[in-house]
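The values are calculated or read from the model by the stated rules, or taken from the named source; none is laboratory data. Note that the structure is a prediction, hence the values are computed from the model and not measured. Heads up, the Cβs are rebuilt from the backbone with ideal geometry, glycines too, and the neighbour counts pull from every protein chain shown. In case anyone asks, the SASA skips ligands and DNA or RNA and just uses the protein heavy atoms, side chains included. Shrake-Rupley method; radii C 1.70, N 1.55, O 1.52, S 1.80 Å.
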Amino acid sequence: MKEHKSTLIESNGHLVDGANEFIVENGSDLKCKTKLHFYLNGTSVEINNPDPDTTLLQYVRSVGLTGTKLGCAEGGCGACTVMISSYDKSSDKITHCSVNACLAPLCSVDGKHVITIEGIGNVENPHPVQERIALLHGSQCGFCTPGIAMSLYSLLRNNPNPSEKEIEECFDGNLCRCTGYRPILDAAKSFANPSKDYETSENLGCGRADCCKLKNVENDVALDLKFPQIKFKKYDVTQELIFPPSLMKYILEPLYFSGRKSKWFRPVNLNQLLYLKSKYPYAKLVSGNTEVGIETKFKKLRYNVQIFVGDIPELKTCEFKDDGLLIGANVSLSKFQEILQDALGHYELHQTQIFKSLLENLRWFAGNQIRNVATPAGNIVTGSPISDLNPIFLSSKTLFSLSSLEPSSMVATNRVISSESFWTGYRQNCCEETEILEKIFIPCSKQGQYNRAYKQAKRRDDDIAIVNAGLSVLLDDNNQVKEAAFAFGGMSWVTVRAPESEHYVLGKKWGDQNVLKGLLEKLCEEFRMKFSTPGGMATYRKSLVVGFMYKFWYDVSKSANIIVDDCDENFVGIIERNISKSVQIVGQAEKDKTIVGKQIPHASAMKQVTGEAMYTDDIPKIQGELYGALVLSQKAHAKILGIDATEALAQPGVKGFFSAKDVPGSNIWGPVSHDEEVFASEEVNCVGK
Ligand SMILES: NC(=O)C1=CN([C@@H]2O[C@H](COP(=O)(O)OP(=O)(O)OC[C@H]3O[C@@H](n4cnc5c(N)ncnc54)[C@H](O)[C@@H]3O)[C@@H](O)[C@H]2O)C=CC1
Ligand SMILES: O=c1[nH]c(=O)c2[nH]c(=O)[nH]c2[nH]1
């Protein structure tokens, strides 16, 4: 990766950007539009100066599309899933992505088509996805159901002929707490081609609903045999909502919005971005917003100026160089997965070790909705100590290219820094304020090099690591270690290497049991963790480090054909979960019976899958509406001798205080047996009553 310099400002002092010349406006010299334009469920929407702090979820719900739900608000549960389609002029392709609307900024959807659960069907005319989930009992409380339907819908829009495995994986960012996944998967797998081999790569067309490549796709599986009592609609891809032709011609221009608390810039090329970053060094870059969104919502951080980098083509490039992969820092993680998969075919087998490690860890990196928008740059710059990618970057000497404008000359300049010196402390790195991460160079592995990645979390999918690792060794022809790089996440304030263990193993023979013993002892010494360490679980975390190295030892030995004693195959490789299988046996309905033996969906099912079911939070607000808050007991078990409401009434905005004596009629209620008090009258029997 070479460093470069280029002039960005012409002698007349104006910023050079192809045909554009920018004039002073909005506090910067960049001429910007102040109107957001996108499509929502097939209808054109224009908003003048939207508030940069509004999420897509807040917006769609505010216009009455309350089928999209607010669950966890941090991209973990999938209840807010919508689909965003965009058109890429250079490849003439439309992509459809499931996205967490709770994190997506409204301002980020310019030029895109947003489809919510209401946009795919309704109770009178449900989409086949909605109909099958409802008829096959895939909803109970129904709160997660629209999100589940949208994940499946997004998969089918990209891949109308999925395998069962692809269907199971499309739900890795959706949680359901009451229905159970069995009926959901039954419904979803009715769209699967059971004969399709997961590994088969096929041409999935250009993303248009009527793409000629999809004409022969037969989705009508043997549903009649599997579900004899139900007649389903056929799934016909050609009937899907099309990508608006006018958006294909829409030219992305720089945007500027000014809200109550913050300003938002959307540059559309690298020069504009560097210029804005030089003008506003303190500005926060926003990419997938999956970390920044958490910071602003939960950590209450404020960013007065935000620069959205999601529409900059230079940050989404990919080049297969002779010695490695050079990618734009803001490709989405899903796109990164595709690039890495392509790289496996492009390079020789021995060169692909690091790419394989990255692919392995990306499988377990959050859920689809996050990977569709989050970027390597976001992960690298955040520098979380349990980042999934950074241990692999650190153990592979990946290079980062940082770009900025030199303030005096306004010349674009660039420096390359190794991952080994990038992170400087807890969530800190060596990026200067005016610098942006432009490109990432991931080297090919050498002949004799073995690189593996491991992650242990509380659950496999959609979870953050407890400890993770990127481990690498280079062996010579005699299996002696020439180079070693062992990087771990979750063991310190930053992703760290284990220099003493690396040094110990240098020159020693891989496969020698004494070396293994010594190496594990060294690691234990190196990662001495106090019992009181932040994050806890000190012993467990240390044992994970040792466990990963043990696994790596046997994994490398097996790959390098080194005969070792006691090699248990279970140590090597990844334990794969098979495709889940289950059956609900529904007998033939007896003709003279109206209920017994019949597969009858519950009364709310169709409303839930279409997003039409109204939950408390979905009821439109009325003018002057008041909210209730409970005053709770701080005693575990006490007699109520009297209630003094003075403190509650003194709170700002409080209009009244109500207790048991104010309940008209009976103060007793309960779901089945009526044996609970609405408000405690004489006695409390727990804290929080
Ligand atoms: N909310 C969730 O469930 C999950 C969140 N994550 C987080 O998401 C992040 C992934 O990235 P995004 O959403 O794209 O990040 P983001 O838009 O939230 O930005 C994260 C950080 O990266 C910086 N950044 C982004 N692009 C940059 C660039 N080109 N140059 C310099 N700085 C840049 C931002 O200013 C910010 O400090 C990871 O860091 C990870 O921690 C990962 C998995 C799940
Ligand atoms: O690198 C990460 N991987 C995850 O799976 C994850 N989940 C999360 O919330 N943050 C992160 N970071």
Residues of the range 323-340 satisfying the condition of being more than 12 Å from ligand 1 (Cβ to nearest atom) and either over 19 Å from the mean Cα position of the chain (by Cα) or of a type in the set (Val, Ile, Thr) (or both): Asp323, Gly324, Leu325, Leu326, Ile339
Matching residues in the range 378-392 (more than 8 Å from ligand 2 (Cβ to nearest atom), small (Gly, Ala, Ser) and farther than 12 Å from Asn429 by Cα) number 1
Please determine whether any residue of the range 290-306 is modelled with pLDDT of 95 or more and under 19 Å from Lys31 (Cα atoms). yes
Name the helices (runs of 4 or more DSSP H) wholly inside the range 344-417 in which the number of residues that are away from ligand 1 (no atom under 16 Å from the Cβ) and touching a Cys at 6+ places or on another chain (Cβ under 9 Å) is 2 or more. 353-363
Going through the range 131-172 in order, the residues found to be modelled with pLDDT of 95 or more, over 24 Å from the mean Cα position of the chain (by Cα) and part of a loop (DSSP other than H, G, I, E, B) are Gln140, Cys141
Can you find even one residue in the range 82-104 that is modelled with pLDDT under 95, of a type in the set (Gly, Ala, Ser) and surrounded by fewer than 24 Cβ atoms within 10 Å (Cβ to Cβ)? yes
Among the residues of the range 371-399, which ones are among the hydroxyl-bearing types (Ser, Thr, Tyr), surrounded by fewer than 24 Cβ atoms within 10 Å (Cβ to Cβ) and in contact with a Ser or Thr (Cβ under 9 Å, 6 or more places away or on another chain)? Ser384
Quick one: would you say Ile230 is assigned to a loop (DSSP other than H, G, I, E, B) and open to solvent by less than 20 Å² (accessible area, probe 1.4 Å)? yes
Every residue in the range 140-169 that is farther than 28 Å from Tyr615 by Cβ, open to solvent by 30 Å² or more (accessible area, probe 1.4 Å) and of a type outside the set (Asp, Glu), please. Asn158, Lys165
Any chance the range 475-496 includes a residue that's within 23 Å of the chain's Cα centre (by Cα), within 16 Å of ligand 1 (Cβ to nearest atom), under 15 Å from Gln353 (Cα atoms) and assigned to a strand (DSSP E or B)? no
For the range 127-139, what are the residues that are at negative phi, open to solvent by 10 Å² or more (accessible area, probe 1.4 Å) and either β-branched (Val, Ile, Thr) or touching a residue at least 60 places away in the same chain (Cβ under 8 Å) (or both)? Pro128, Glu131, Leu135
Can you pull out every residue in the range 592-603 that is open to solvent by 50 Å² or more (accessible area, probe 1.4 Å) and either small (Gly, Ala, Ser) or not in a loop (DSSP other than H, G, I, E, B) (or both)? Ala603
In the range 339-370, how many residues are near ligand 2 (Cβ under 10 Å from one of its atoms), free of Cβ contacts under 8 Å to residues at least 60 places away in the same chain and open to solvent by 10 Å² or more (accessible area, probe 1.4 Å)? 1
Restricted to the range 44-67 and to residues being of a type outside the set (A, V, I, L, M) and in contact with a strand residue (DSSP E or B) (Cβ under 6 Å, 6 or more places away or on another chain), the residue nearest to ligand 2 (Cβ to nearest atom) is Pro52
Note on the range 652-671: residues assigned to a loop (DSSP other than H, G, I, E, B) and open to solvent by 100 Å² or more (accessible area, probe 1.4 Å) are Pro652, Lys655, Phe658, Pro664, Pro671
Could you check the range 51-130 for strands (runs of 3 or more DSSP E) lying wholly inside it with 3 or more residues that are closer than 16 Å to Asn174 by Cα? 81-88, 93-100
Being away from ligand 1 (no atom under 11 Å from the Cβ) and either free of Cβ contacts under 8 Å to residues at least 24 places away in the same chain or among the basic types (Lys, Arg) (or both) is the filter here; which residues of the range 278-292 pass it? Lys279
